[in-house]
Amino acid sequence: MRVLLLEDEEAIRGFIRINLKRNQIDVVEAETGEAALSHMENEGPFDIALLDVMLPTISGFEVCEQLRAQYPGLGIIMLTAKSQEEDKIHGLELGADDYVQKPFSPGELIARIKSLYRRMHAASSNLAVPDLLTSEAEEQSAAASERLRPNELLRGPFRLSFLERKLWKNGNEIVLTPTEWALVRLLMEREGTSISRDDILSEVWGRYYVGDLKVVDVNIRRIRQKIECDPSEPAYIETVWGFGYRWKRGAAE
């Protein structure tokens, strides 16, 4: 695994570097946002970028936005101050997959990195096609509208490829972050089933994730912006008020 580390404080950067290397993670360091962008362009590819928010020149938010636009498959984790709630939300809205609050323990940081890396690569290893049809009668009646191919799932105008980790709507690719893809996959696999925010957090971010439930809501909002004709009146991802979300059964344009 290769990680790009953007942190302007040498003490913190050294602390992170040591712990990454102890876990056999290759790390390239950057002290400024400009240096981080240069490393990405000249020394990539990287699997994950760790981005501090507060920097002397361009902010970690700006770096996040640029990296997400150029490298949609890159995993991004923001390093935020514990007291700045808005930083977490803003980073997620710009395309970050996760955030870690300062001060953090080495164990927490490594766990978040490994969790993100696993969901980035889960589809290419040991992936079983989900068993979505419960009886022969259901299979026959749903054959026309719910076609299941090897390593591929179709729902209405959508086609989800497990091997390519891509989503298409009416034949047009919708570019998703690794976390967005994992979330869409979960909802599509359980079409018509209400899934709680806690269960989504456990399934997508990991059983021992200790972050805020807002990470689910922000990612759902980002996905709706990409797949819905009118995100304010979603036709595919329904909100189950006070509980969670559901992929609407039989939804089609």
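For segment 152-201, state the semi-axes of the equivalent ellipsoid (square roots of 5 times the eigenvalues of the alpha-carbon gyration tensor), sorted largest first and rounded to whole angstrom.
Equivalent-ellipsoid dimensions as semi-axes: 19, 13, 8 Å.
Residues in segment 47-74 near a label at Glu164, defined as backbone nitrogen under 17 Å from the 7 Å Cα→Cβ point?
72-73
Express in % the proportion of alpha carbon pairs of segment 167-242 at distances exceeding 18 Å.
38 percent
When a footprinting reagent is the concern and you count Cβ atoms within 10 Å, what order do His121, His90 take, fewest first?
Ascending Cβ contact count within 10 Å gives the list His121, His90.
Mind giving me the FRET efficiency for Phe15 and Gln225? R0 is 41 Å, r the Cβ-Cβ distance, nearest 0.05 is fine.
0.70
How far apart, in nm, are two points set 7 Å out from the Cα along the Cα-to-Cβ line at Lys248 and at Lys214?
For the pair Lys248/Lys214, the computed spacing is 2.8 nm.
Quick check on the exposure proxy: order Ile200, Ile18 from fewest to most C-beta atoms within 10 angstrom.
Ile18, Ile200
What shape does segment 1-109 have by the C-alpha gyration tensor, where a ≥ b ≥ c are the square roots of the eigenvalues, rounded means a/c under 1.5, and otherwise prolate means a/b greater than b/c and oblate the rest?
Rounded shape, in that the Cα axes give a/c under 1.5.
Highest first, please rank the peptides 156-167, 182-193, 239-250 by the mean number of other Cβ atoms sitting within 10 Å of their residues.
In descending order of packing, they fall as 182-193, 156-167, 239-250.
How much net charge surrounds Arg2 when only the other residues with a Cβ under 11 Å from the Cβ of Arg2 are counted, with Lys and Arg +1 and Asp and Glu -1?
Charge balance in the 11 Å sphere: -3.
Bear in mind that the values in this text are calculations on the coordinates, not laboratory data. Here the structure is a predicted model, which means the values were calculated and not measured. Virtual Cβ from ideal backbone geometry, glycine too; neighbours counted across all protein chains shown.
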